[in-house]
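First comes the structure, then the notes that go with it.
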Amino acid sequence: MRIKNHPILDFARDREITFYYNGQEIAAYPGETIASALHAAGIRKLSTSSKHHRPRGFFCAIGNCSSCFMVVDGEPNVKTCVVEVEEGMVVEEQEGRGDLSEKM
Amino acid sequence: MKKCDLAIVGGGPAGLAAAIKAHELGLKDIYLLERDNFLGGQLVKQTHQFFGSHKQFAGTRGIDIAEIFKEKLAKREEIKVLKGAVAQGYYEDDVLGYSYNNSFYKLKPKRTILATGASEKMLAFPNNDLPGIYGAGAVQTLMNQYGIIPGEDILMVGAGNIGLIVAYQLLQAGVKVKAVIEATGSIGGYAVHASKIRRAGIPILTNHTIREAKGKEEVEGAVIQELDDDWQLVAGTARELAVDTICLAVGLTPKVDLAIQAGCQMAYVAELGGDVPVRDDCLQTSNPRVYIAGDSAGIEEATAAILEGELAAINVAQDILSDRKELIAEDKTTREKLKALRKGPVGEHVRKGLNKVRRNEDAGKDRYSRSWKG
Ligand code: FES
């Protein structure tokens, strides 16, 4: 959920953009990170762990821990807690380790 | 490969202060590498006012301090500020590698100031990996930087200053805080913060720990239990709280990866948050080309980080510039400011930690023996 009235802070949200999460259309605002926009839409599970397939969300939100990896526009292992969401971006839940072989 | 006088890694309070001070003192060829695409580090989410005696910042909110620094930096166009530049490694020949715009670059600085900050500590309990369990810093980022609440009902673990401040910020954002729990017998944070929480009707439960998180796909609850004075669970006191979010405010640990790569002598100092580089009074490490400032050398707070950034810059300037008279005076006043900041009971812990690593040749001699240059 987005905060509308805050006693100290003002959040600029003039222009809405759309991106895709597992095929579903999600509304966001420029400047938000992928993980925070997903969170605002109620989506907290971002990937599954590689061995035990446990659900994973974000933890540190500043790019330290790698808990928030997702596949973004086909590229795996994107730290969605620091990468900003863009119009038309295709974001998918990541299963385990990302496969980079195609990119190499 | 580019050469430069000074490379600073990290654009938080320590790194920004170092860059501005170094330039003010006459260094021209400075690179500032910042991993994020914004400057200010963790200041950008700190909506509370700073306390302490430091004239410049007491009573100012962290977010406003970040703005002040950014304005000062913008006036110094000579400083090469690279946002979105991730330092990837510090090599044996004192080359700093970094990635920027999908390319890899190498830099050979005469001096490097590491100001990489800290990361949050984790706590071991069943299901601690479920979505909905966040570090206190992450909750601040989500709320104060992006304007999104982390959940509806929250349990705060840890009653130090960060736990108390973030609990209060959650209330300001309209989130229900079910309880603040603290494993020790006393509240670690300042009384002003604790009383704000209590006045809002939120219990601060000392001698309480988290046993486990409940839930399958994400957090649906938390089991808490009382501890006795020997840290043992008190039978029959476990109870479940209906929360969708668990916030861990259990401390920070310095980010020292680059320091280890640079061969800096390291020591484990609990008071400073974990493994820290051994430094002398000038903040120089055992690698004479590398200085460390701020939380990455020991957990304190932003005002100390700013002063350390300045002190490191002054000493780098002394290494590189020939005219040193003015610098010696600057060095002295900055040290005095730091000393004043760490005075009294609040700074005791930090003083103790710093004394363990300063001027101690044997500190941590067994750790990271590969890089030990003794
Ligand atoms: S949540 Fe830690 S790196 Fe993204």
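The values are calculated or read from the model by the stated rules, or taken from the named source; none is laboratory data. All values derive from a computational prediction rather than experimental measurement. Neighbour counts run over all protein chains shown; Cβ positions are idealised from the backbone, glycine included. Calculation scope for accessible area: heavy atoms of the full protein, side chains included, ligands and nucleic acids excluded. Shrake-Rupley method; radii C 1.70, N 1.55, O 1.52, S 1.80 Å.
Tabulated data
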item: Neighbours by Cβ (under 7 Å, 6+ apart or cross-chain): first from segment A:47-72, away from every other protein chain (no Cβ under 12 Å); second within 6 Å of the ligand (Cβ to nearest atom); result: A:PHE69/A:LYS79
item: All positions within segment B:324-342 that are touching a residue at least 60 places away in the same chain (Cβ under 8 Å) and either of a type in the set (Val, Ile, Thr) or more than 17 Å from B:GLU24 (Cβ to Cβ) (or both); result: B:ALA340, B:LEU341
item: Failed item in (1) open to solvent by 10 Å² or more (accessible area, probe 1.4 Å); (2) assigned to a strand (DSSP E or B), with B:ASP94 passing the rest; result: (2)
item: Some residue of segment B:105-117 being away from chain A (no Cβ under 14 Å) and not in a strand (DSSP E or B); result: yes
item: Number of positions in segment A:35-69 that are open to solvent by less than 40 Å² (accessible area, probe 1.4 Å) and near the ligand (Cβ under 10 Å from one of its atoms); result: 12
item: Per-region count, segment B:167-203, residues open to solvent by 30 Å² or more (accessible area, probe 1.4 Å) and among the β-branched types (Val, Ile, Thr); result: 3
item: When residues of segment B:1-46 are limited to those that are assigned to a loop (DSSP other than H, G, I, E, B), in contact with a strand residue (DSSP E or B) (Cβ under 6 Å, 6 or more places away or on another chain) and open to solvent by less than 10 Å² (accessible area, probe 1.4 Å), the one farthest from A:LYS79 (Cα to Cα); result: B:LEU27
item: Residues of segment B:149-166 satisfying the condition of being of a type in the set (Val, Ile, Thr) and buried (at least 23 other Cβ atoms within 10 Å of the Cβ); result: B:ILE154, B:VAL157, B:ILE162, B:VAL166
item: Residues of segment B:124-144 that turn out to be more than 8 Å from chain A (Cβ to nearest Cβ) and of a type in the set (S, T, N, Q), as a count; result: 3
item: Index of the failed condition, A:GLU87 passing every other in (1) open to solvent by less than 70 Å² (accessible area, probe 1.4 Å); (2) in a loop (DSSP other than H, G, I, E, B); (3) away from the ligand (no atom under 14 Å from the Cβ); result: (1)
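Here's the yes/no breakdown for (1) part of a strand (DSSP E or B); (2) outside the structural domain of B:ILE204 (by TED's automatic domain parsing); (3) of a type in the set (Gly, Ala, Ser):
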position: B:ILE224; (1), (2), (3): yes, no, no
position: B:TRP231; (1), (2), (3): no, no, no
position: B:ALA259; (1), (2), (3): no, yes, yes
position: B:ALA267; (1), (2), (3): yes, yes, yes
position: B:GLU271; (1), (2), (3): no, yes, no
